[in-house]
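Quick note: the coordinates plus some simple rules give every number you see, no bench work behind them. These figures come from a predicted structure and were not determined experimentally. Here Cβ is always computed from backbone atoms with ideal geometry, including for glycine, and neighbour counts include all displayed protein chains.
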Amino acid sequence: MAKTLELQFLNAEGKTVKINIDSPIDPVDSATLTSAMDAILAANVFITTGGEFVAKKGARMIERNVSDIELA
């Protein structure tokens, strides 16, 4: 099962922008995650077509299951 941590931010236009992290440490420590997202905002290194990141919106863990199907 593949897991991805999705960090959600708002840009200057108020639109949601996402950063995906593959294979994150599980379980996620919310205090550490909040600090990391604050550091991303403070560093101001990401610019989107809607402007820079201005606020945290949320975060979520996405799990994906893949099953191979044998062909007859």
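Relative to the longest principal Cα axis of the chain, at what angle does helix 30-43 sit, 0 to 90 degrees, rounded to 10?
50 degrees
Using label points projected 7 Å from each Cα along Cα→Cβ, tell me how many nm separate Lys15 and Leu41, to one decimal.
Those two pseudo-labels are separated by 2.1 nm.
Explain nothing, just compute: Karplus ³J(HN,Hα) = 6.51 cos²θ - 1.76 cosθ + 1.60, θ = phi - 60°, for every residue of region 52-63 in order, whole Hz, x for Gly and Pro.
Result, rounded to whole Hz: 6, 5, 10, 7, 7, 10, x, 8, 8, 9, 10, 10.
Starting from the Cα of Lys56, draw a straight line to each of the aspartates and glutamates and keep only those under 15 Å, dropping any in the same chain fewer than 8 residues away.
Reachable aspartates and glutamates: Glu6, Glu13, Asp38.
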